[in-house]
Amino acid sequence: MYSKEQASQLKQAFWTAFGQYMSPVLSAEGLKISWINYKTGIKHLYFRMQADKSSASISIDITHPDAGIQELFFEQFLELKNILRSYLNEDWDWQLHSTDEYSKTITRISKTITGVNIFEQSNWPQLISFFKPRIIALDEFWSDAKYSFDALR
């Protein structure tokens, strides 16, 4: 088992390595981008990557405090579901009004894999292979789709 400090250092080492690995990759618009802290440009709308000792996930998180506004965002994503799927080439899980790890109501569109451990460096290539194509695909999708969300800003 790892101490909190060791676990934190290993996680930080993974995300640093992932960031370095991704740094030469430009966004769909040809710009340098922080892939780990992806900016959608819309408050309460995030593309997140997470990993722990048993799984990894990438998600679109809608965290607006108003559940009705979360639902409007979700409906807009539903309108674009086929387009999103065409970029991702796979189905994701769609959850309207679930609860996050802080007991806040959020809406999440996500993909998760199990059987990976961020604390095992031997799993890092698998984690990178999971995250890389999906965050790039989300960026390509967002480059085209973000204008559909202008009314919800």
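The values are calculated or read from the model by the stated rules, or taken from the named source; none is laboratory data. All values reported here derive from a predicted model rather than from experimental measurement. Counting neighbours? That spans all protein chains shown, and the Cβs are built from the backbone with ideal geometry, glycine included.
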Would it be correct to say that R85 is part of a helix (DSSP H, G or I), modelled with pLDDT of 95 or more and touching a Lys or Arg at 6+ places or on another chain (Cβ under 7 Å)? no
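Looking only at the range 57-77, filter to residues that are of a type outside the set (S, T, N, Q) and within 10 Å of the chain's Cα centre (by Cα); which one of those is farthest from K146 (Cα to Cα)? If you could, list the steps in order and put the result at the bottom.
Going residue by residue through the range 57-77, those that are of a type outside the set (S, T, N, Q) are 58, 60-62, 64-69, 71-75, 77.
Filter again for within 10 Å of the chain's Cα centre (by Cα), leaving 58, 60-61.
Numbers: I58: 18, I60: 13, D61: 15 Å.
So, considering only residues that are of a type outside the set (S, T, N, Q) and within 10 Å of the chain's Cα centre (by Cα), the one farthest from K146 (Cα to Cα) is I58.
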Can you pull out the residues in the range 10-61 that are in a strand (DSSP E or B), of a type outside the set (S, T, Y) and either touching a residue at least 24 places away in the same chain (Cβ under 8 Å) or over 21 Å from S110 (Cβ atoms) (or both)? L45, F47, M49, A51, A56, I58, I60, D61
So, of the residues in the range 46-67 that are over 24 Å from L78 (Cα atoms) and touching a strand residue (DSSP E or B) at 6+ places or on another chain (Cβ under 8 Å), which turns out to be surrounded by the most Cβ atoms within 10 Å (Cβ to Cβ)? A51
Restricted to the range 1-38, and to residues that are among the basic types (K, R) and surrounded by fewer than 11 Cβ atoms within 10 Å (Cβ to Cβ), which residue is farthest from H64 (Cα to Cα)? K4
Among the residues of the range 101-126, what is the count of those that are closer than 14 Å to R48 by Cα and crowded, with 20+ Cβ neighbours inside 10 Å? 4
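Here are some residues: I128, I118. Which one is part of a loop (DSSP other than H, G, I, E, B) and touching a residue at least 60 places away in the same chain (Cβ under 8 Å)? Steps first, answer last, please.
Working: I128 fails: part of a loop (DSSP other than H, G, I, E, B).
When all the criteria are applied, what remains is I118.
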Residue among S103, S98 that alone is at positive phi, among the polar types (S, T, N, Q) and out of contact with any helix residue (DSSP H, G or I) (no Cβ under 6 Å at 6 or more places or on another chain): S103
